[in-house]
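The values are calculated or read from the model by the stated rules, or taken from the named source; none is laboratory data. Note that this is a predicted model, so its numbers are computed, not measured. Ideal geometry is used to build each Cβ from the backbone, glycine not excepted, and the neighbour counts take in all protein chains shown.
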Amino acid sequence: MRTVITYGTFDTLHYGHIRLLRRAAELGDRLIVGLSTDEFNFLKGKKSLFTYEDRKKDIEALRFVDLVIPEGNWEQKIKDVQKYSVDIFTIGSDWEGEFDFLNDFCKVVYLERTPSISST
């Protein structure tokens with residue numbers, strides 16, 4: 001079984017998010033989503049319109065998402081990859097190169113962003 005993980009805030013969930021998560025799920029058999037907590041978003045200078053709990057419920061409602069975990073800091077990714085025996089880390093292409101350090105622990109795949117759509 002191949003496990004895939006991705007991370008994001010996923011505020012104002014839109015079709016770009018859905019497409020990204022669907023494509024992430026297609027890379028393996030199990031999809032884990034690391035969802036940025038409200039506290040972590042604050043540290044990143046972001047403010048979500050919806051709370052972590054509300055965003056979590058929305059992501060959990062997607063049939064191709066198997067597990068949602070809290071993302072509380074940048075550094076947890078290596079630990080998550082190890083803890084959940086992740087085979088593939090994936091994220092949008094706007095992060096190209098930023099997570100290449102994870103190649104020491106799993107395969108890193110940058111998925112093309114959906115053009116002309118963004119929560120920001």
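Every residue in the range 41-58 that is surrounded by fewer than 19 Cβ atoms within 10 Å (Cβ to Cβ) and touching a Pro at 6+ places or on another chain (Cβ under 9 Å), please.
Result: Lys56, single match.
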Requested in this report: Return yes when Asn103 is in a helix (DSSP H, G or I) and of a type in the set (S, T, N, Q) and no when it is not.
Outcome: yes
Report task. Say whether the condition of being outside any strand (DSSP E or B), of a type in the set (A, V, I, L, M), in contact with a helix residue (DSSP H, G or I) (Cβ under 7 Å, 6 or more places away or on another chain) and crowded, with 16+ Cβ neighbours inside 10 Å is met by at least one residue in the range 11-31. Result -> yes
Requested in this report: Please list, ordered by first then second residue, the pairs with beta carbon atoms under 7 Å, 6 or more apart or interchain, first in the range 16-45 and in contact (Cβ under 8 Å) with a residue 60 or more places away in the chain, second acidic (Asp, Glu) and part of a loop (DSSP other than H, G, I, E, B).
Outcome: Gly28/Asp87
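Table: residues versus (1) in contact with a Cys (Cβ under 8 Å, 6 or more places away or on another chain); (2) within 14 Å of Val33 (Cα to Cα); (3) not in a strand (DSSP E or B).
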residue	(1), (2), (3)
Phe64	no, yes, yes
Val81	yes, yes, yes
Val86	yes, yes, yes
Asp94	no, no, yes
Glu98	no, no, yes
Tyr110	no, no, no
Arg113	no, no, yes
Query raised in the report: Is there a residue being acidic (Asp, Glu), touching a Phe, Trp or Tyr at 6+ places or on another chain (Cβ under 8 Å) and either more than 15 Å from Tyr7 (Cβ to Cβ) or at pLDDT below 95 (or both) anywhere in the range 49-59?
Result: yes
Report summary line: From the option list Lys77, Lys57, single residue qualifying as in contact with a helix residue (DSSP H, G or I) (Cβ under 8 Å, 6 or more places away or on another chain) and part of a helix (DSSP H, G or I) is Lys77
